[in-house]
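Enquirer: Have a look at this one.
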Amino acid sequence: MLLDLRKIFGRSKSSKDVAKERLKLVLIHDRANVSPQFLEMLKSEIIKVITNYMDVDESALEIQLTKTRSDDGQSVVPALYANIPIKNIRKSGK
Amino acid sequence: MSEVIVITSGKGGVGKTTSTANIGTGLALSGSKTVLIDTDIGLRNLDVVMGLENRIVYDLVDVVEGNCRVKQALIKDKRFDGLYLIPAAQTRDKTAVKPEQMIRLCDELREEFDYVLIDCPAGIEQGFRNAIAAADRAIVVTTPEVSAVRDADRIIGLLEANEVRNPKLLINRLRADMVKRGDMMSIDDIIDILAIGLIGVIPDDEKIVVSTNRGEPAICDSKSLAGQAFRNVVRRIKGEEVPFMSFSEDQGFVMKLKKLFGLKAN
């Protein structure tokens, strides 16, 4: 009932939705920080796959979880950012 | 078979000690021999919440340092059959106890007791590591606030990393009226974020303050809603399937609360 009225009068989001959204974002960061192993595992898996196709500079490979605007620009969403310097691309794959 | 259960939260002031006191008392009332251990060395409080502060002779540090036998440090709660407390030391710090010592102590207590309940200090440092060392199960207490939920998430991660599997969530101080107007996260919102099983929801209840003032756990108060919610938690710990109290059902609960507190509907 209350919620409907808010919609009619164009009031802003309820504070609990704001809380929930903020929490979800902050937890993406926290969770990645809880286990540095998580990013390490992800990194080594990515290297494993990529080296089937190209030589990369493993020591300079950078991976992080970050935030970015969603495509419609309406909200902030989590994003995986990877910077992978390529040394050489193999012709045949494998 | 006896069980060691740690009650933890990360954030301070969400109700770990009150929950430990109430759940422990409830377990004893239901016929299980129970011991509560306060591991908040330097900031002990379970003794005052339980109303046993005048009975302390020996404490947790005395036990692990061998200044007394375990039996001597057990304070028997004369009001409830089968309920005991090992208080924390007040003049020492968290480093006075080591995780291995907690494991040894709990193993000894398992022989005597059905449940060993450990009241964990706030934080994620040594006090936390001591408290969870011997735990078979964990109850994570949170309130419907961003700070408490965030810390609960961190604690859940740390519990899993330390192989305390399958922790359960206790949501404390829920206000149905605020949830209803969209100004407080609901049970579902919190479960959705933390993705763990629920063991109970305790409504915000003035009676908790009153009972803590007196040193008498609210679980004994048949009129207290929080007390009722704690009784349900105890039954769930003992393996019973108990439906969760309905908070979302509109007026019913709010009216009941208002009636309970003698407030007029406005």
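Enquirer: When segment B:217-237 is examined, which residues are found to be outside any helix (DSSP H, G or I) and under 15 Å from the mean Cα position of the chain (by Cα)?
Expert: The answer is B:217, and nothing else.
Enquirer: Return the total of residues in segment B:138-189 being part of a strand (DSSP E or B), in contact with a Ser or Thr (Cβ under 6 Å, 6 or more places away or on another chain) and among the charged types (D, E, K, R).
Expert: 1
Residue by residue, here is whether (1) crowded, with 24+ Cβ neighbours inside 10 Å; (2) in a helix (DSSP H, G or I) holds:
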residue	(1), (2)
B:4	yes, no
B:18	yes, yes
B:21	yes, yes
B:48	no, yes
B:79	no, no
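Enquirer: So residue A:56 fits all but one of (1) modelled with pLDDT of 80 or more; (2) within 15 Å of the chain's Cα centre (by Cα); (3) not basic (Lys, Arg); what number is the exception?
Expert: Residue A:56 satisfies every listed condition except (2).
Enquirer: Any chance segment B:29-38 includes a residue that's polar (S, T, N, Q), surrounded by fewer than 24 Cβ atoms within 10 Å (Cβ to Cβ) and touching a residue at least 60 places away in the same chain (Cβ under 8 Å)?
Expert: Filtering segment B:29-38 down to residues polar (S, T, N, Q) leaves B:30, B:32, B:34.
Retained after the next criterion (residues that are surrounded by fewer than 24 Cβ atoms within 10 Å (Cβ to Cβ)): B:30, B:32.
Pick out the ones that are also touching a residue at least 60 places away in the same chain (Cβ under 8 Å) and you get B:30, B:32.
Yes, that holds for at least one residue.
Enquirer: Another question, if that's okay. If you take the residues in segment B:165-195 that are modelled with pLDDT under 95 and away from chain A (no Cβ under 12 Å), which one is farthest from residue B:149 (Cα to Cα)?
Expert: B:165
Enquirer: With A:19, A:32 as the choices, which residue is modelled with pLDDT under 75, assigned to a helix (DSSP H, G or I) and surrounded by 13 or more Cβ atoms within 10 Å (Cβ to Cβ)?
Expert: On the way: A:19 fails: modelled with pLDDT under 75.
None of the other options fit; the residue is A:32.
Enquirer: Name the pairs: first residue in segment B:139-150 and within 13 Å of residue B:123 (Cα to Cα) and within 12 Å of another protein chain (Cβ to nearest Cβ), second residue of a type in the set (Val, Ile, Thr) and outside any strand (DSSP E or B), Cβ to Cβ under 9 Å, at least 6 apart or on different chains?
Expert: B:148/B:14; B:150/A:26
Enquirer: Shifting gears a bit: Among the residues of segment B:1-50, which ones are among the β-branched types (Val, Ile, Thr) and farther than 13 Å from residue B:127 by Cα?
Expert: Passing the criteria: B:4, B:5, B:14, B:17, B:18, B:20, B:23, B:25, B:34, B:35, B:48, B:49.
Enquirer: Spot the failing condition for residue B:121; the list is (1) assigned to a loop (DSSP other than H, G, I, E, B); (2) within 14 Å of chain A (Cβ to nearest Cβ); (3) crowded, with 23+ Cβ neighbours inside 10 Å; (4) touching a Gly at 6+ places or on another chain (Cβ under 8 Å), and only one is missed.
Expert: Every listed condition holds for residue B:121 apart from (2).
Every residue, every condition in (1) buried (at least 17 other Cβ atoms within 10 Å of the Cβ); (2) closer than 20 Å to residue B:24 by Cα, yes or no:
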residue: B:116; (1), (2): yes, yes
residue: B:132; (1), (2): yes, yes
residue: B:151; (1), (2): yes, no
residue: B:163; (1), (2): no, no
residue: B:176; (1), (2): yes, no
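Enquirer: Working only within segment B:91-114, note down all residues that are of a type outside the set (D, E, K, R), within 29 Å of residue B:150 (Cα to Cα) and not in a helix (DSSP H, G or I).
Expert: B:97
The values are calculated or read from the model by the stated rules, or taken from the named source; none is laboratory data. What you see is a predicted model; the values in this text were computed from it and never measured. Backbone-built Cβ (ideal geometry, glycine too); neighbour counts: all protein chains shown.
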